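Novice: Sharing a structure here in structure tokens format.
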Amino acid sequence: MCDYSLQNVKSRPAKVGDKLTTRNFGTGTRGFAASEDSSVAICVLPGTELSFAGEVASMSQFGWRKNVFNHTTAIFRQINKEKVAAHHDAVEFPDGQIVLLTVLGEGQQATVLQLPAEPKTAAESAAQQRAVYVG
């Protein structure tokens, strides 16, 4: 399952090699869409390694470019898991900066480099669990 705000959008899990594009799904958030079908949200597991095709930029609420990040690789994370009505999907850059996926500009392309390893401990398993939405 993807972030709670994408629960009513057709989706599928991410696979190694997937080409993703940031997209506004009209649900109040941005997420990753499949390159072969922009109406399909791609659900990425926490810990997944991503490579962006170019510079990564966040956008202000008015659509203006806000920040450009000097990294083209990131690890997918989920934050604010304890908050039900909050955006959870984020990317963490090599410098430790974490940015919500919903503030990244639309149309940015990324490739799934590696899925997270199977958890060996309860702590690793908990870290890979996606936030749960109960509606």
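The values are calculated or read from the model by the stated rules, or taken from the named source; none is laboratory data. Predicted model only: the values in this text are computed from it and were never measured. Every residue, glycine as well, gets a Cβ built from its backbone with ideal geometry; the counts of neighbours run over all protein chains shown. Only protein heavy atoms, including side chains, enter the accessible area calculation; ligands, DNA and RNA are left aside. Shrake-Rupley method; radii C 1.70, N 1.55, O 1.52, S 1.80 Å.
Novice: Out of all the residues in segment 37-61, which are touching a residue at least 12 places away in the same chain (Cβ under 8 Å) and closer than 15 Å to K10 by Cα? Break it down stepwise before answering.
Specialist: Of the residues in segment 37-61, the ones touching a residue at least 12 places away in the same chain (Cβ under 8 Å) are 38-59.
S38, S39, V40, A41, I42, C43, V44, listed by residue number.
Novice: Mind checking which pairs have a first residue in segment 87-106 that is touching a residue at least 60 places away in the same chain (Cβ under 8 Å) and a second that is part of a strand (DSSP E or B) and small (G, A, S), Cβ under 7 Å, 6 or more apart or different chains?
Specialist: Qualifying pairs under 7 Å: D89/G31; L101/G31; L101/A90; V103/S58; L104/S58; G105/A57; G105/S58.
Novice: Just to confirm my filter: which strands (runs of 3 or more DSSP E) fall fully inside segment 1-120 and include at least 3 residues that are open to solvent by less than 70 Å² (accessible area, probe 1.4 Å) and among the aliphatic types (A, V, I, L, M)? Explain how you work it out, then say what you get.
Specialist: Values: elements: 11-13, 19-24, 30-34, 37-43, 49-52, 56-59, 65-69, 73-78, 89-92, 98-100, 109-114.
Those strands (runs of 3 or more DSSP E) span 37-43, 56-59.
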